[in-house]
Amino acid sequence: MPAILLAVTGTDPQPWEARLRALAPQRDIRLWPDRLGDAADIAYACAWNAPRGLFARLPRIKAIFSLGAGVDHLLTDPDLPDVPLVRIVDPDLTMRMTQYVVLHVLLHHRRYRLYDVQQRERAWREHPQPPASAVAVGVMGLGELGAHAATALARLGFRVAGWSRTPKTLSGIECFHGEPGLDPFLRRTGILVCLLPATPATQGILDLKLLHKLKRDGAAGGAYLINAARGALQIEADILAALDEGTLAGATLDVFAREPLPPASPLWRHPKVTITPHNAAFSDPHALAANVLRQIERFEAGLPLEHVMDRARGY
Ligand code: NAP
Ligand code: GLV
């Protein structure tokens, strides 16, 4: 039987291996680097930040599965073979991201950071609590994750808009698209959520020029940024400048240009910044190993793979 290779760095492959073995005991599962065996046996690779050049050394590779929603970590390999690159789309991952987005929109909307400081000072002081219906949230990226998060925010009563590359229609969401749609989208947005993929077109998009266009005088009480997409999208010096000059009232950052975020980064200690360690939507092997195995079964049954990334589009 064709073997499945797990090639993972920066995260523990053991839970993935255990879950794949439990769900498919008949499968030949290999682990990079120590248990790769004969490279010619490997038909499928399950990868997260795998070393560059590895896939080119697998002569019978048929498909590569990203163990997350993003595929940018695969595209950094200049010798990537011409096989389908499949990304994770799964209700478990989508729900985790929506929870993160809702948590951090509410954290800013309900002034949680302020109350946290006040608690340490034993200060009993209320701050204005505008209705969600007065607060304009904008979600960049209306794909699997962005559309779900936007819909959940709309259900909580926020005034939600989204921005995508191509036109969209989503119930209860004001949809903008393309270059001409970006400025009007930003100008009505008080809390900006980024869920775009990392591509040449989105690289560095979260810069000072963009942040200046956000709505600062709305009910959100300033402009806020939540980036749960990729660090490559943000210019960290610009975010710091925006926070210090008051363009941004706060930021939640889950992703960074360099991960782990170096201890010397001024973002760590900035009073207006909330940091999480790239875990907005954890890829849970318990839920997602089944997703990958189902795709392999589809492929072997002659059915098309789902959620294959489009190399021309870059995501
Ligand atoms: P997706 O389904 O591919 O959706 C991507 C969205 O971005 C689409 O709406 C797309 O527009 C839009 N887009 C792409 N390029 C654009 C551009 N140049 N201008 C405007 N809009 C553009 O991806 P997804 O599954 O929602 O995931 C999004 C990203 O989240 C992933 O790529 C990954 O980097 C990140 N992520 C982070 C974590 C974490 O834990 N921090 C976890 C999972 C995923 P169209 O709809 O017009 O194609
Ligand atoms: C995580 O960052 C993912 O792309 O799923």
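Taking the criterion of being more than 18 Å from Ala228 (Cβ to Cβ) and either away from ligand 1 (no atom under 12 Å from the Cβ) or of a type in the set (Val, Ile, Thr) (or both), the residues of segment 187-200 that qualify are Arg187, Arg188. For segment 77-99, the candidate set comprises residues that are part of a helix (DSSP H, G or I), out of contact with any Ser or Thr (no Cβ under 8 Å at 6 or more places or on another chain) and not charged (D, E, K, R); within that set, the residue that is nearest to ligand 1 (Cβ to nearest atom) is Met97.
Val292 passes every criterion in (1) within 11 Å of ligand 1 (Cβ to nearest atom); (2) closer than 29 Å to Leu23 by Cα; (3) touching a Cys at 6+ places or on another chain (Cβ under 7 Å) apart from (1). Only residues that are open to solvent by less than 90 Å² (accessible area, probe 1.4 Å) and under 20 Å from Ile205 (Cβ atoms) were counted across segment 157-166, and they come to 6.
Within segment 134-156, can you find the residues that are more than 16 Å from ligand 2 (Cβ to nearest atom), open to solvent by 30 Å² or more (accessible area, probe 1.4 Å) and part of a loop (DSSP other than H, G, I, E, B)? Matches in segment 134-156: Leu156 only.
If you go through segment 72-96 and pick out every residue that is in contact (Cβ under 8 Å) with a residue 60 or more places away in the chain, within 16 Å of ligand 2 (Cβ to nearest atom), open to solvent by 10 Å² or more (accessible area, probe 1.4 Å) and of a type outside the set (S, T, N, Q), you end up with 7. For Gly68, the conditions (1) within 30 Å of Leu248 (Cβ to Cβ); (2) open to solvent by 10 Å² or more (accessible area, probe 1.4 Å); (3) small (Gly, Ala, Ser) are fulfilled apart from (2).
The values are calculated or read from the model by the stated rules, or taken from the named source; none is laboratory data. Quantities reported herein were computed from a predicted structural model and do not represent experimental measurements. Note: ideal-geometry Cβ built from the backbone for every residue, glycine included; neighbour counts use all protein chains shown. Note: areas computed on protein heavy atoms with side chains; ligands, DNA, RNA excluded. Shrake-Rupley method; radii C 1.70, N 1.55, O 1.52, S 1.80 Å.
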